[in-house]
1. Hey, does the stretch 1-8 have a residue that's within 17 Å of Lys54 (Cβ to Cβ), in a strand (DSSP E or B), modelled with pLDDT under 85 and out of contact with any Cys (no Cβ under 8 Å at 6 or more places or on another chain)?
2. Restricting the first residue to the stretch 76-93 and requiring it to be of a type in the set (S, T, N, Q) and exposed (fewer than 12 other Cβ atoms within 10 Å of the Cβ), which pairs with a second residue that is at pLDDT 80 or above and not in a loop (DSSP other than H, G, I, E, B) meet a Cβ separation below 8 Å and a spacing of at least six or different chains?
3. If you check Gln30 against the conditions, is it surrounded by fewer than 16 Cβ atoms within 10 Å (Cβ to Cβ), touching a helix residue (DSSP H, G or I) at 6+ places or on another chain (Cβ under 8 Å) and either of a type outside the set (Asp, Glu) or modelled with pLDDT under 90 (or both)?
4. Among the residues of the stretch 6-35, which ones are over 24 Å from Val92 (Cα atoms) and touching a residue at least 12 places away in the same chain (Cβ under 8 Å)?
5. For a quick check of your reading: which strands (runs of 3 or more DSSP E) sit entirely within the stretch 45-93 and have at least 2 residues that are closer than 14 Å to Leu7 by Cα, modelled with pLDDT under 90 and touching a Ser or Thr at 6+ places or on another chain (Cβ under 7 Å)?
Amino acid sequence: GHTKPSLSAWPSSVVPQGSPVVIQCDSSLQFHRFRLYKEDGGHIPGLQDKMFRKTFLIHPVTPAHGGTYRCYLHTLYSYSSLATSDPLVITVT
């Protein structure tokens with residue numbers, strides 16, 4: 001029964017190679033953290049399995065960053081996931 005987190009990219013989910021992009025997960029819950037996963041293969045060091053609060057900067061973006069992402073909502077006191085966002089596709093141009 002937890003609210004699904006939202007996932008977005010700023011300034012856009014279409015990113016020129018070498019540019020920065022901010023991935024943002026958000027939730028209506030006050031005390032939370034997120035874990036970001038790239039679904040379509042290719043482990044990105046420093047990205048997957050890292051807990052963060054609200055925003056995650058990727059800079060510089062490489063072709064390996066392109067793909068489908070989801071964020072998983074956790075409480076501050078639990079490692080298990082409470083809810084999962086809809087997918088976000090990052091396209092590197």
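The values are calculated or read from the model by the stated rules, or taken from the named source; none is laboratory data. Quick caveat: nothing in here was measured; it's all calculated off a predicted structure. Backbone-built Cβ (ideal geometry, glycine too); neighbour counts: all protein chains shown.
1. no
2. Listed by first residue and then by second, the contacts come to Ser80/His74; Thr93/Val14; Thr93/Val15.
3. No: the conditions fail for Gln30.
4. Ser27, Ser28, Leu29, Phe31, His32, Arg33
5. So the answer is 67-75.
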